[in-house]
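Worksheet: one structure, shown below.
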Amino acid sequence: MTSWLDDVFAVRKPVIAMLHLSALPGDPGFDSAAGIGAVVERAKSELAALQEGGVDGVMISNEFSLPYLTETEPITAITMARIIGELLPEISVPYGVNVLWDGRASIDLAVATGAQWVREIFTGVYASDFGLWNTNVGAVARHRHRIGGDHVKLLFNIVPESAVYLADRDLASITATTVFATKPDAICVSGLTAGASTDRQALQVVKNAAGEVPVFVNTGVRAHNAAEQLAIADGAVVGTYFKEDGVFENRAVVSRVSELMDAVKGFRKTL
């Protein structure tokens, strides 16, 4: 059975690399002396490393906009659109976007830049490090339609990082009702934070309950565990492992990208 993943990536078990943008204007960590030019320079350098290392797609996010907002300020998506505009001539793989943690802004950015998917928290209510975290998937779905974004695929992060679901419901039930009632294009299963291992049992529970909806392992994929994670998941989102020494704050390097992608390509030969 084929899915939209086959149409977009043309490979089994695609690996989407995170392109983490440095802190942006308005973020506490923004380097105003270096300016946006420095953000663009780093993004171009990491994009080149990710593509040379053989990833199947990239997802551009404001990962260093810490601490995150659940409703972002306009300057964030505006700046990201400017940066992506400068990257577009150099992007040679399918790409998506993620404005953390704002689903509506993510869709706006995707429509403005031609991105093919977004990843966000679209459903549920959570107690999080960022306060009480509420969502309104019906409003977001209508917003996507209203601005001409029906082609933008929605990747739902069903196990948010740094947060816990407020209702007393098991993961299988949450997955089943999310699939039935909100029509995700894919579901992402995460660990505690960026780079943290995703629990294989949780991943299997979501995969069993998701039916025909693709499931991505969203954090913690490494060269040594890529095969066992992708034996369950339909694809992977990878960020931290691709960084120098596997450190979140560092830049992506070709050697680590190639190492993981070689493991993935080896696993694909067994399918």
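The values are calculated or read from the model by the stated rules, or taken from the named source; none is laboratory data. Since we're looking at a predicted model, the values are computed, not measured. Note: ideal-geometry Cβ built from the backbone for every residue, glycine included; neighbour counts use all protein chains shown. Please note that ligands, DNA and RNA were not included when accessible areas were found on the heavy atoms of the full protein model with its side chains. Shrake-Rupley method; radii C 1.70, N 1.55, O 1.52, S 1.80 Å.
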Worksheet item: Does residue 223 satisfy being open to solvent by less than 30 Å² (accessible area, probe 1.4 Å), over 16 Å from the mean Cα position of the chain (by Cα) and either among the hydroxyl-bearing types (Ser, Thr, Tyr) or at pLDDT 95 or above (or both)?
Response: yes
Practice prompt. Identify, from the list 33, 23, 38, the residue that is of a type in the set (A, V, I, L, M, F, W, C), surrounded by fewer than 18 Cβ atoms within 10 Å (Cβ to Cβ), out of contact with any Asp or Glu (no Cβ under 9 Å at 6 or more places or on another chain) and at pLDDT 95 or above.
Written response: 33
Fill in: Index of the failed condition, residue 181 passing every other in (1) under 24 Å from residue 51 (Cβ atoms); (2) free of Cβ contacts under 8 Å to residues at least 24 places away in the same chain
(1)
Practice prompt. Please give the number of the condition residue 209 fails out of (1) within 22 Å of residue 96 (Cα to Cα); (2) surrounded by 18 or more Cβ atoms within 10 Å (Cβ to Cβ).
Written response: (1)
Item to complete: Test residue 82 against the stated conditions and say whether it is without any contact (Cβ under 8 Å) to a residue 40 or more places away in the chain, of a type in the set (Lys, Arg) and under 28 Å from residue 148 (Cα atoms).
Response: no
Worksheet item: Here is a list of conditions, (1) open to solvent by 50 Å² or more (accessible area, probe 1.4 Å); (2) touching a residue at least 12 places away in the same chain (Cβ under 8 Å); (3) under 22 Å from residue 68 (Cα atoms), and residue 126 meets all of them except one; can you say which number that is?
Response: (1)
Worksheet item: Looking at (1) in contact (Cβ under 8 Å) with a residue 60 or more places away in the chain; (2) of a type outside the set (Lys, Arg); (3) open to solvent by 40 Å² or more (accessible area, probe 1.4 Å), which is the one condition that is false for residue 238?
Response: (3)
Item to complete: Mind telling me which of the residues 199, 168, 150 ends up being surrounded by 13 or more Cβ atoms within 10 Å (Cβ to Cβ) and acidic (Asp, Glu)?
Response: 199
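Would you check if residue 98 is surrounded by fewer than 17 Cβ atoms within 10 Å (Cβ to Cβ) and under 24 Å from residue 163 (Cβ atoms)?
Against the criterion (surrounded by fewer than 17 Cβ atoms within 10 Å (Cβ to Cβ) and under 24 Å from residue 163 (Cβ atoms)), residue 98 does not qualify.
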